[in-house]
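Every number in this text was worked out from the coordinates using simple rules, so none of it is lab data. Just so it is clear, the structure is predicted and the values come from calculations on it, not from any experiment. So basically every Cβ, Gly included, is an ideal-geometry build from the backbone, and we count neighbours across all protein chains shown.
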Amino acid sequence: MSGTTTAKSKKHDGFSDDERAAMKEHARELKAAARRDPSTARAEAEGEVLAKIAEMPEPDRAMARQLHEIVTSSAPELAPKLWYGMPAYAKNGKIVCFFQNSQKFKTRYATLGFNDAANLDEDTMWPTAFALTELTPATEARIAELVTRAAD
């Protein structure tokens, strides 16, 4: 062996480009939030969420729009905000749930995720993320039920 490493056998350590980009987005989000006027903060944050959704490729864009409507109508107490460049919904400043479009980390499906602030505890094990490929009426009803429970 000559001691050289080919690109094929080289092991990648650390964060991916997508992960680094998400962390930079989060830093920008925190700075923007700190500069907001409290009287307009919620409307500004929701505008940023809707703008981020508008940037998404289809079919994730349509799914994110519908999910936004479900969350804001099922749990109006949750505040829309960006979180690592993803639409998210918070209660008392803590992220309860979020939408990750499939292009965010180049996955085959979008994700509806719930953080530990979500009140979804069931016995000793429960799901914290759901793969989404389309929003059917049954899926929408299930999401509304989960979001309502999570926000309690």
(message) So the label point goes 7 Å from the Cα of residue 40 along Cα→C-beta, right? Which residues of segment 50-85 then have their backbone N under 20 Å from it?
(response) 50-52, 79-82
(request) With a cut-off of at most 14 other beta carbons within 10 Å, and DSSP calling the residue loop, which chymotrypsin sites (Phe, Trp or Tyr not before Pro) in segment 32-132 qualify? Please list them. (result) 105, 109
(message) Cut-off 10 angstrom, C-alpha nodes, Gaussian network model of the chain. Which of 63, 23, 86 fluctuates the most?
(response) 23
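The chain: longest stretch without exposed GluC sites (Glu not before Pro) (DSSP loop, at most 13 other Cβ within 10 Å), sites themselves excluded?
Values: sites that count: 77, 122, 134.
In the chain, the maximal stretch lacking such sites is 1-76.
Could you work out the relative contact order of the chain, using alpha carbon pairs under 8 angstrom and six or more residues apart, expressed as a whole percent? Please list the in-between numbers first.
Values: 179 pairs, mean separation 29.3, N = 152.
Value for the chain: 19 percent.
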(message) Taking R0 as 22 Å, what FRET efficiency do you get between residue 109 and residue 55 from their Cβ-Cβ distance, rounded to the nearest 0.05?
(response) 0.70
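Can you show me the helix-derived [θ] at 222 nm for the chain, built from DSSP H runs with n ≥ 4 at -39,500 (n - 2.57) apiece and divided by the number of residues, rounded to the nearest 500. Walk me through the numbers before you get to the answer.
Details: 4 runs with 64 residues, N = 152.
When only DSSP H runs of four or more count, the value is -14000 deg cm²/dmol.
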(request) Considering the convex hull of the alpha carbon atoms of the chain, report its projected area averaged over all viewing directions, in nm², one decimal. (result) 12.3 nm²
